[in-house]
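Student: Below: one structure in structure tokens.
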Amino acid sequence: MGWWGWVAAAAAGGGGVKVVEVLWWRPRRVEEQFARQGIRGPRYRFLVGCVREMVALMVAASAEPMPPPYRSHNVLPRVLAFYHHWKKIYGSTFLIWFGPTPRLAVADPELIREVLLARADRFDRYESHPMVRQLEGEGLVSLRGEKWAHHRRVLTPAFHMDNLRLLLPCVGRTVVDMADKWRAMAAADKSGEVEIDVSDWFQVVTEDAITRTAFGRSYEDGKVVFKLQAQLMAFASEAFRKVFIPGYRFLPTKKNTSSWKLDKEIRKNLVTLIGRRQEAGDDEKLDGCAKDLLGLMINAASSGAGKKRPQPVSPITVNDIVEECKTFFFAGKQTTSNLLTWAIVVLAMHPEWQERARQEGVDVCGAGSVPSREQLAKLKTLGMILNETLRLYPPAVATVRRAKADVELGGYLKIPRDTELLIPIMAVHHDARLWGPDAAQFNPARFADGAARAARHPTAFIPFGLGARMCIGQNLAILEAKLTIAIILERFDFRLSPNYVHAPTVLMLLHPQYGAPIVFRPRSPCQPADQTCEKMNPLTNQ
Ligand code: HEM
């Protein structure tokens, strides 16, 4: 239960005594219990915990960009300033307070393995703030128990490699369209170059990919739904930044009324879309067409009707489909566009790796082509570069679990029920004890023997999480990133713009605080040698 949840429950459930118990005695008891085990942290302050100090540390850190030249990637003190600060004082396992909720920071890979994998049944994903939930939807990311397991089973086939490969030609076309626009912009400038803020442009590519994954052959209708979704998310994220009044989202303010209207419209569109797909017949029988999330959910919703199959625990409803659409739009778009942005930024900072990856692309795919799935699998250097990017700049910098009952970790660490566990993914990725003295350097070669062998512990690299709740979209994200970067490398040389300021920061995801302006110079015009998708070639596309 979140901070406000505790306060509200205490107030509703028995007045003064309970409030004092929840806001005063319990935090004191938990603090002592951890202190007896040698675990300390900043002191709990009535009601607010240590949120004020945490915010102050983060605000101070984000006021100063990283100093040029940008050869080192020691960005952790800037991005997770509170973690870095308290770790120096209390060691890597310490206790902080989100209001009256205890949160234990755990960065030891062996303990992380227990929490996310070996003893995952003892932990729940924590319940995010209602405003974040509004953004991420009540879909796979936030579901729990049987309902989560059912949805995960139903949706997984959409993310199998054999299915994703069917999307590649169309996503490739979108990337080539983007590259063509950059080329035209460069040609229109007398310098022959163009400055692009890649963080904006990549969202077009990732939105396209997630729309195709979610809606497949109903792509055009899906685009309309996701356009509305984007507007709804813009309202919600604005509210997330500005308003911290509990219950505010239920007030009929102008923005809230617009959000409700949008939500209604999304539902109406989806209901029409579902009706059309049901009329068109069984998706499972469509050969050569990628399985999309919508089709899988419609099939699961109608499976069992008139058949002698066991009924699922909770049949999928239209409301579930609406929520999953929100979830996938939220979870699949910004994460991957952030990975793409950081990959281009680090390649602009490290031209030697840019050249190596470009050469590999030409060797494997030939000039002017759009890589096929088989060719992408052979781009080993690019794979290493993406891993190193995910290590240094993981889009999801941390995750949180909540202990469902009292639990012991590592045979020594007693965790009381309802304690939240903060797993600082980025801090684990930057830990010199795990990665060696060059932990803050960009060195893709460390991934030459695979991700599991790159560090001193196999659980030291967890950009997509670990265990049953590991990212379902991992294959899609990597495929999309490889395809996009390979196409860009083949068509452009690029470097950081003089306007670039290196300032990674986190607002839900890791992003560049002042954008990512990059200067692109087109290489020789691409050859008409596209084997994968006819229309992908810009020349035949006209
Ligand atoms: C570089 C890109 C991405 C990164 C770094 C990333 C990272 C993560 C992480 C760390 C988790 C686990 C969270 C936890 O254990 O608490 C996760 C879960 C999830 N991701 Fe991703 N993700 C990416 C791309 C995507 C894409 C493209 C999609 C969908 C198309 C997606 C959908 C999801 C969903 C639905 C979950 C929840 C899975 C579950 O709980 O069963 N992600 N992601």
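The values are calculated or read from the model by the stated rules, or taken from the named source; none is laboratory data. Keep in mind that this is a model prediction, so the values were computed, not measured. Heads up, the Cβs are rebuilt from the backbone with ideal geometry, glycines too, and the neighbour counts pull from every protein chain shown. When the accessible area is computed, the model is the full protein with side chains, heavy atoms only, and any ligands, DNA or RNA have been set aside. Shrake-Rupley method; radii C 1.70, N 1.55, O 1.52, S 1.80 Å.
Student: Roughly speaking, what % of Cα-Cα pairs in segment 21-522 are separated by over 42 Å, rounded to a whole number?
Tutor: 19
Student: Same structure, new question: Quote to one decimal, in nm, the extra length available between Arg523 and Ala452 on full extension: 0.36 nm per residue of separation minus the C-alpha distance between them. If you can, show how the numbers build up before the last one.
Tutor: Numbers: separation 71, 0.36 × 71 = 25.56 nm, distance 3.61 nm.
Answer, rounded to one decimal: 22.0 nm.
Student: Considering only protein heavy atoms and a probe of 1.4 Å, how much of the accessible area of segment 5-114 is carbon and sulfur, as a whole percent?
Tutor: Result for segment 5-114: 63 percent of the exposed heavy-atom area is carbon or sulfur.
Student: Follow-up. Could you run the Karplus curve 6.51 cos²θ - 1.76 cosθ + 1.60 with θ = phi - 60° over segment 66-79 and give me ³J(HN,Hα) per residue in whole Hz, x for Gly and Pro?
Tutor: Each residue of segment 66-79 in turn: 5, x, x, x, 8, 8, 9, 10, 7, 9, 4, x, 7, 7 Hz.
Student: Same structure again: Placing +1 at every Lys and Arg Cβ and -1 at every Asp and Glu Cβ, with all other atoms neutral, what dipole size does segment 334-408 have around its Cα centre, in debye to the nearest 20?
Tutor: Computed about the Cα centre, the dipole is about 240 debye.
Student: Quick one: if you stick a label point 7 Å off each Cα along the C-beta vector at Glu146 and His129, how many nm between them?
Tutor: Modelled inter-label distance: 3.4 nm.
Student: State the answer as a single residue: which of Ala149, Val407, His511 lies farthest towards the positive end of the charge dipole of segment 21-522, with beta carbon charges of +1 for Lys and Arg and -1 for Asp and Glu, about the Cα centre.
Tutor: It is Val407.
Student: Residues with amide H under 5 Å of Val407's amide H, sequence separation 5 or more or different chain, H placed in the peptide plane at 1.01 Å from N; which?
Tutor: Under 5 Å from the amide H of Val407 lie the amide H atoms of Ile415, Arg417, each far enough along the sequence or on another chain.
Student: Follow-up question, since we're still on this one. Just to be sure I understand the model, the point goes 7 Å from the Cα along the line to the Cβ. What's the resulting Phe46 to Ala468 distance in nm?
Tutor: Label-label distance for Phe46 and Ala468, simple model: 4.2 nm.
Student: Related question: Using a Förster distance of 51 angstrom, determine the FRET efficiency expected from the C-beta separation of Ala405 and Arg495, and round it to 0.05.
Tutor: 0.40
Student: With only Lys, Arg, Asp and Glu charged, each at its Cβ (+1 for the first two, -1 for the last two), find how big the charge dipole of segment 21-522 is about the Cα centre; round to the nearest 20 debye.
Tutor: That gives a dipole near 1260 debye.
Student: Treat each spin label as a single point 7 Å out from the Cα along the C-beta direction, and report the Glu374 to Ala184 distance in nm.
Tutor: Using points 7 Å along Cα→Cβ, the separation is 3.4 nm.
Student: Any idea what the relative contact order of segment 21-522 is, in percent, if you count C-alpha pairs under 8 Å spaced at least 6 apart?
Tutor: So the answer I get is 25 percent.
Student: On to the next question. How far, in nm, would the chain grow between Arg29 and Ala63 when pulled straight, counting 0.36 nm per residue and subtracting the alpha carbon separation?
Tutor: Values: separation 34, 0.36 × 34 = 12.24 nm, distance 3.65 nm.
Full extension from Arg29 to Ala63 adds 8.6 nm.
Student: May I ask you to list the aspartates and glutamates whose Cα is less than 16 Å away from that of Lys181, ignoring any residue fewer than eight positions away on the same chain?
Tutor: The reachable aspartates and glutamates, counting only those whose Cα sits under 16 Å from Lys181, are Asp189, Glu193, Glu195, Asp197, Asp200, Glu490, Asp493.
Student: Distance from the Cα centre of segment 449-494 to that of segment 106-125, in angstrom?
Tutor: 22
Student: Name the shape class, rounded, prolate or oblate, that the alpha-carbon gyration tensor gives for segment 314-428, where a ≥ b ≥ c are the square roots of its eigenvalues, rounded holds for a/c under 1.5, and otherwise prolate holds if a/b is larger than b/c and oblate otherwise. Intermediate values should be presented prior to the final figure.
Tutor: Values: a/c = 2.92, a/b = 1.65, b/c = 1.77.
Oblate, since a/c reaches 1.5 and b/c is not below a/b.
Student: Compute the signed sum of charges (Lys and Arg +1, Asp and Glu -1) over the other residues within less than 11 Å, Cβ to Cβ, of Thr93.
Tutor: Here the count lands on +1.
Student: Rounded to the nearest 500, what is the chain's calculated 222 nm mean residue ellipticity when only DSSP H runs of at least 4 contribute -39500 (n - 2.57) each, over all residues?
Tutor: That comes out to -16000 deg cm²/dmol.
Student: Still on this model: Where only protein heavy atoms count, and the probe is 1.4 Å, what is the accessible area per residue for segment 21-522 in Å²?
Tutor: 43
Student: May I ask which of Lys18/Lys326; Lys227/Lys482; Lys254/Lys482 have a Cα-Cα span longer than 32 Å here?
Tutor: Lys18/Lys326; Lys254/Lys482
Student: Now, a different point. Say R0 is 45 Å: what FRET efficiency, to the nearest 0.05, do Lys414 and Asp200 get from their beta-carbon distance?
Tutor: It comes out at approximately 0.40.
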